[in-house]
Amino acid sequence: MEIEKITRSGYSSNLSKEQLWDIYKSMKTQRQLEERLLKLYKGGQLSGAVYPGIGQEASMAGIAAGMSEKDIFGGTHRDLGVQIKKGVTLKEIALNFFGKHDGPSKGRDGNSHFGVVDKGTLMVVSPLPDSAPVAVGWALASKLDNSGIVAVANCGEGATATGTWHESINMAGVSNLPIVFTVQNNQFAYSSPNETEFGTPNVADRGLGYGIPSKIIDGNDIYEVMNTIHEACEHARNGNGPTLVELVTFRHYGHAGHDPAEYVTKEVRDFWMKRDPISRFEHSLMDESLFTQEDFTKLTEELENEIKETLEWAKTQNDPKPENEILDIFAKRNTEVKQSDSSETKTMNLIEAITNGLDELLENDKDVFMMGEDIGEFEGAFKATKGLFAKYGPDRILDTAISEGAFTGAAVGAALAGKKPIIELQFYDFVYPALDQITTEAAKYYWKAGKSVPMVVRGPTGAGTRSGPFHSISPESMLAHHPGIKIVAPSNPYDAKGLLIAATYDPNPVMYLEHKKLYRKPDLKMDVPLGLYEVEIGKGAVVKEGTDFTIVTWSGMVSVAQEAAHALEADNISVEIIDLRTIVPLDEEIILKSVEKTSNLCILQEDVPFSSVASEVSSLVAEKGFWNLDNPILKITPPNTHIPFAPILEDAFIPNADKVVSAIKGLQ
Amino acid sequence: MSQIVTMPQLGETVTEGTVLRWLVKVGDEVKEDDPILEISTDKVDTEVPSPFAGKVTNLLVEEGETVEVGVGLLELNGNAEKEENKNNEQSNIIPEPAQTEKVTVASDESQKKDIDAIKNNQNKNLSPIVRRLAGENNIDLTLVNGSGKHGRITRKDLEIYISQNKTDIEKNVTQNTNVEDKEVLHKSESRASKIDSGEITRLRKRIAQNMVLSKQISAHVMTSVEVDYESLEISRSKFKSKFKEDNGFSLTYLPFISLATISALKEFPTVNSSFDLEAGTHTLHKHVNLGIAVDLNQEGLLVGTIKDADSYNLKGIAKKISETSTLLRSGKFGLENVSGSTFTISNNGSFNSFITSPIINQPNVAILSTESVKKRAVVITNSDGSDSIAIRHTGVLSLTWDHRVFDGSIALLFLNFIKDKLEFTDWTQELS
C-alpha cells in the first residue's frame, strides 16, 4: 500500500530532531497504549470502556505540539494523545484506567475520563463538549489577567451540534478571547456519518457565523496540524481572538472497544489507511534521513515493554478506600472568615445589601468579577449591579449574550484559573440551561479532579410578583439534589450581604438565591454593617424563640412564618422560627435542637413539595428526632404544580400565614 | 430452647395488661409456678406465676408498660445475645435487659419500650415524645388526661401531669426499685390514703371504668321481691353455733341465697348467660361460676369467682364463699379467683340495706343484691284461712337485669323461683 507523503514546512521546519522524535514517540505511545488497552478490555481485564483514538494521532499530538506548555487544553475522552504530549504520564493514565487511588480522578471516574489540570488538561467528562465553556472561562481569565495563556477547546465533529459548543464559540467570538476551537472530524459521531450531523459542507464553515477565522486541515498530517495550531494559538495570544480549526481525520476503530465499526465501508477504510498518520510521519522522517526503520522498531519494542509493565504495575496499586473517598464532596476553606472592622452601618433593603456586598467584594479583591445578562451599563434587570459598571468597567462587570450554559461554564474555567467569578442569572428560572455546567463541571471538579471551583451563581427566585411560571421558581430543592454545590437563601439584608461575602470566599460553587419579593420589602430594611463581614455558610438562625412549635423555613417564607407565629400567640401557641439561611449544607443541629424543645415541627417552603427540602427536613427529624415528636410533621408548601400567573391563582399557590395557622391549630 | 412468658388473658373483656413490677431479674433461676411479675389489668392486680422452669434471659417489657394480651413478657433459657440481635434487626435499637433496680431509665430502654408500645392498639395515638417521657418517668398513661385532638395525650399534658404528681412519681420509681416483695393491694391502700391529694388509685380507676362501661353496655332494670326467711332462720339459728365450731366461720344468709340462686340459674339459663350484641352472639353457660362481690374494707370492691358453683351443697358453697372473701381481702389471689363469673351476687344486706340497684358485672346479664333480713310485722294467712299479723324474718332480694337480653317476666319468674326455694326448702335437712 502506497502511503501519501507529507513534508515539513513553516513552524515545523524549525523543530529539532529531538523535538520531532518526542512528537513521534508520543504518537506511538498513544497508539500502542490504546491497542494494549483494547486487548485488555476485550480480554475482560479492564472495567468500563476504551475509546481508541488510533488513526488520529497526528491531530492529537499536533494540537499539543502547536500549543505552548502553559496553554490549557479542554478535550474529550478521545484525546489521550494530547494528554500524553502535554506531559500526562503512562502511570497516571494506567492508574486511572484501573480506578486506583493515586490516579488523577482517584477512582471516581474511569478510563480516559480525566484531566490533569496542573499539566494543562481540563477534566474530561462524558457530556460533550462540556469542557468547551470551561476552556472559554480559562481564556477569559487569561484575558482579564493578561497572563498570555491560550485555551484550546477540542471536540469531535459530533459534539459541534450541541448548544454548548455554539454558545461557547459565540461567547469567545463576542469577547475576542484567546482560545482556539479544534474539531477532530473523524467522520463518525459514534456511528453517524457527517451527512447526518451538519448541513454545511464542513464543520469549519460555521466559524464564519461567529465572526472568527476558520480553517480546514489534513488532520493526519502532523506538520500541517502543528503549524496551524501554533499559528492559531499565537494569533489568540496576540489578542486577535479565536480561530476554528477543523482537522479532517479518521478513527481506525469503533467509537469504543465494544464497537466493531461495521458502518465503515471498505472503500472509506482503504482511503484512510493510505493516509495513516504514523506511517506518513515515519516515511517523512526516513526521507529526511533523521531516523531509520530500526529506530522505529526499537522504540516499538521499548514501548511495548514499558506499557505492559506500567499496566501490570498499576493493577497492583492501592484501590481507593470507600470510607475515605465516598463523601469527599466539598473543598475545605483555608482562608480566614471576614469580620467587619468597621463600626459604621447603613440602613439598607435587601437588594441594596447585595449591591453593597458586590461593591465591597469587587473593591477588595481584584479576582472578583461578574458575568451576566444586562448587568453592565443597564445595571441588571433588578438593578442589583447598580453603580458597579460605572465604577469597575467592562472587564469586571461583563455583559454576556443570552447563553447561561456558556457563561456558567466560563465561570468554572475562570475559577479554575484563580478568579472568583460571581454570575447573575437574570431569573433563577434560567438556571436550567446552566444546569449541565453546574452539575457536570462545577459540582464535580473538586471531587473528581481535585481542583476547587470558587464561584457564585446568584439571581432572583420566588413567586408573588405576577411573573408567571418562568420567572418565579424556587430552585433550592432541585439544586440541592446535586452533591457538590452549596445553596444559600437569605431572608434579610444583614444575612444577604454576609452570605454573599461568605459565598464568594467559599472554595466551592455556591448557589445564592435572592427572593425577588424581598428585594425592596420596606419592613425588611435594617442597619447593615459597612465593610466585609460574613454570615457562616451552613448555619441557620433562630429568628424567633418559642416553646410549642418549630417552624423551619427560609428565604421569602420567613416573614410568612413570623406573621403566623404572631397570629398563633392569640391561641397561646408559642412558635419558634428557624431560618435555615443555608440549604446545603443543612444545619441539622439547629433543627433537631429546636424540635427537642418544642416536639412539633412544621416546614414552610415556597417550593413545590415532592422530593423537596421540606421532605428532607421532615425525613431528618423523623430519623434523628423521632423520639421528641409530639405530632405528625407538617409540610406547608404549594401544591405540586407549576406556578400560575393569574393573581387569584398565584395567591392560592403561595403558602400564607392563614394556611400555617390553620394547619398548626388543626393538630391541637 | 428459649421459652417466652406472655401477657395472660386476664378476663374475657380484657385485651391488655400493665406490668407493675418484676419479681425476677435477668439471670435468676425460676421454678414452675414461682411468681415472676405483678401485673395489673382492668380486672385485677395479680402475680403471674411462671409456666416454665429455667433461667431468666431477658425481660421484654418494662415496669409500667401496658401491652396487649399475648405479647412476650419474659424469656427463659434463651440466648440473650441472639435475642438482642433480633430486636436490633427490627428496630435498629439495642435494648438493654431490663433491671428491677433502676431509677433512671436509659433512653435506649425507653425507646425499646416505646417500640413495644407501638404494637399496642390502645396506645396507637401516643406520640413518640409522650411514649418516651412516660417511659422515663414510669407513668401510667391511663391516669393522664389528654387535651389533644380526640383526647390524645400531648407532651404538654404529660409535663403538666409530671409537675403536678412529682412527689408520687418519684415515690413510684422508688417503690419499683424496692427489692422487697410487696402486696399489690397494700400499694393500693397506701395510695387510697392519699385521696385528698387528688390521686385516684389504680383499683378505684378500674372500678370506675368498669361501672361506667357496664352502664353504657347494658339496659339496666331493677326488680325486687320480698322473701320470708322465717323457716330458714329457724334452721340457721339451730345450727349456727355448731357450724362455726366446725368450720371456723359464721353461717350467714348468703350461702342459702347463693344455693337458691344457683338452682334458679339452672332453671333459667338465660339469666346465666353472656350477651354480645356487636358479635350477635348469646352464650348460655352450662355451669354456674358464681361471682361474689367482696368489699375490701371500704378501699374498693372485687368480684370473687366460685367456679362450678353448681357442684356444691350448702356447706360447700358456704365454705367457698368464706374462702373467696378471705382470699380477696388478703390480696393474694390469682386470676382464676376473679375472672370467669357467669352471674354475680352483691351482699348488701351485710351493710344493712333495705333495697339496692346494683350495676351488672360485665359480661353477666344480671346481678342479685341480697338485702338485710329483719324481723318485720307481716300479714300471714293461717291454715284455717284467717289472716293475722305475725313477726317474721323477711328481706328483699333485688335483681338488676339487662333488658336487652330478656324481659320482666323472666326476671320475676327467676326471682320468685329463688324466693320459693328459700321459703320452702327444708334447710334443717341440708344442714344436718
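Read-outs: derived from the displayed coordinates by stated rules, not from any lab. Everything numeric in this text was worked out from a predicted model, so none of it was measured. Note that each Cβ is placed from the backbone with ideal geometry, even for glycine, and that neighbours are counted across all protein chains shown.
Want the number for A:Asp287 to A:Thr347: 0.36 nm per residue separation, take away the alpha-carbon distance, what's left?
Length difference between fully extended and current span is 13.7 nm.
With each label point set 7 Å from Cα along the Cα-Cβ vector, what nm distance links B:Ala219 and A:Glu304?
10.8
Shielding of B:126-134 by partners, i.e. mean partner chain Cβ atoms within 10 Å per residue?
Averaged over the peptide's residues, the number is 5.
Can you work out the FRET efficiency for the pair A:Phe645 and A:Arg333, with r the C-beta to C-beta distance and R0 = 60 Å, to the nearest 0.05?
0.90
Based on the alpha carbon coordinates of the protein assembly as shown, what radius of gyration and maximum Cα-Cα distance (Dmax) apply, in Å?
45.7, 165
What's the average, rounded to a whole number, of partner chain beta-carbon atoms within 10 Å of each residue's beta-carbon in B:148-160?
The per-residue average across the peptide is 3.
Magnitude of the Cβ-charge dipole of chain A, K/R +1 and D/E -1, about the Cα centre, nearest 20 debye?
In debye, rounded to 20, chain A gives about 240.
Which log10 I(q)/I(0) values, to two decimals, does segment A:496-580 give at q = 0.18, 0.22 Å⁻¹ under the Debye formula with one point per Cα?
-0.89, -1.14
So how far apart, in nm, are the two label points at A:Thr200 and B:Ser432 if each is 7 Å from Cα heading toward Cβ?
Each label point lies 7 Å from its Cα, and together they span 13.6 nm.
Sum up the charges of everything whose Cβ sits under 14 Å from the Cβ of A:Ala390, counting Lys and Arg as +1 and Asp and Glu as -1, but leave A:Ala390 out.
-2
Where does segment A:345-529 land on Rg(C-alpha)/(2.2 N^0.38 Å)?
Normalised Cα radius of gyration, segment A:345-529: 0.94.
For a label point 7 angstrom out from the Cα of A:Arg520 toward its Cβ, which stretches of segment A:359-388 have the backbone nitrogen within less than 17 Å?
Once the point is set 7 Å along Cα→Cβ of A:Arg520, A:378-387 turn out to lie under 17 Å by backbone N, inside segment A:359-388.
In angstroms, what radius of gyration and Dmax does segment A:541-665 have, counting Cα atoms only?
Taking only Cα atoms of segment A:541-665, I get Rg and Dmax of 13.7, 43 Å.
Which three extents, in whole angstrom, do the alpha-carbon atoms of segment A:323-419 cover along their principal axes, largest first?
If we take the Cα atoms of segment A:323-419, the spans are 49, 40, 23 Å.
Using a cut-off of 11 Å between beta-carbons, work out the net charge of the residues near A:Asp287 (Lys and Arg +1, Asp and Glu -1, A:Asp287 not included).
+1
Compare the peptides A:334-347, A:203-216 by average per-residue count of other Cβ atoms within 10 angstrom and give them in order, highest first.
Put in order of decreasing packing, that is A:203-216, A:334-347.
Between A:Asp527 and A:Lys119, what is the FRET efficiency for a Förster distance of 51 Å, r being their Cβ-Cβ separation, to the nearest 0.05?
Once the sixth-power term is evaluated, E becomes 0.50.
At a 10 angstrom cut-off on C-beta neighbours, averaged per residue, how do the peptides A:481-488, A:194-201 rank from highest to lowest?
A:481-488, A:194-201
If the convex hull of the alpha-carbon atoms of segment A:1-93 is projected onto planes in all directions, what is the mean projected area in square nanometres?
If I average the Cα hull's projected area over directions, I get 7.6 nm².
Pop the C-beta distance of B:Lys332 and A:Val542 into the FRET formula with R0 = 60 Å and round what comes out to the nearest 0.05.
Computed FRET efficiency for B:Lys332 and A:Val542 comes out at 0.55.
What is the spin-label model distance, in nm, from B:Ile391 to A:Glu569 if the labels are put 7 Å beyond Cα along the C-beta direction?
The modelled label-to-label distance comes out at 8.3 nm.
Suppose every Lys and Arg Cβ carries +1 and every Asp and Glu Cβ carries -1, with no other charges. What dipole size does segment A:541-665 come out with about its Cα centre, to the nearest 20 debye?
120
When Lys and Arg each count +1 and Asp and Glu each count -1, what net charge do the other residues less than 14 Å away from A:Lys106, Cβ to Cβ, add up to?
With Lys, Arg at +1 and Asp, Glu at -1, the net is -1.
Would you give the gap between the C-alpha center of segment A:592-667 and the C-alpha center of segment A:423-487, rounded to a whole Å?
Cα centroid to Cα centroid, the span is 23 Å.
Please arrange A:Met273, A:Met60, A:Met123 by counting, for each residue, the other beta carbons lying within 10 Å of its beta carbon, fewest first.
Listed from fewest to most nearby Cβ atoms, that is A:Met273, A:Met123, A:Met60.
For a protection proxy built on the mean count of beta-carbon atoms within 10 angstrom, sort A:503-514, A:144-155 highest first, please.
My ranking of the peptides, most packed first, is A:503-514, A:144-155.
Under Stokes-Einstein, with the Kirkwood radius over Cα pairs standing in for Rh, what whole-number D in µm²/s applies to segment A:17-315 at 25 °C and 0.890 mPa s?
For the chosen part, D equals 128 µm²/s.
Using unit Cβ charges (K, R positive; D, E negative) and no other charged atoms, how large, in debye to the nearest 20, is the dipole of segment A:345-529 about its Cα centre?
Roughly 300 debye for segment A:345-529.
Could you give me the radius of gyration and the Dmax of segment A:413-488, taking only the C-alpha atoms into account and expressing both in angstrom?
13.3, 43
Within segment A:69-111, which residues have the backbone N less than 19 Å from the label spot 7 Å out from A:Asp259 along Cα→beta-carbon, could you tell me?
Those under the cut-off are A:75-82, A:110-111.
So which GluC sites (Glu not before Pro) in segment A:40-121 are both in a DSSP loop and have at most 16 other Cβ atoms within 10 Å of their Cβ?
Qualifying residues, ordered by number: A:Glu69.
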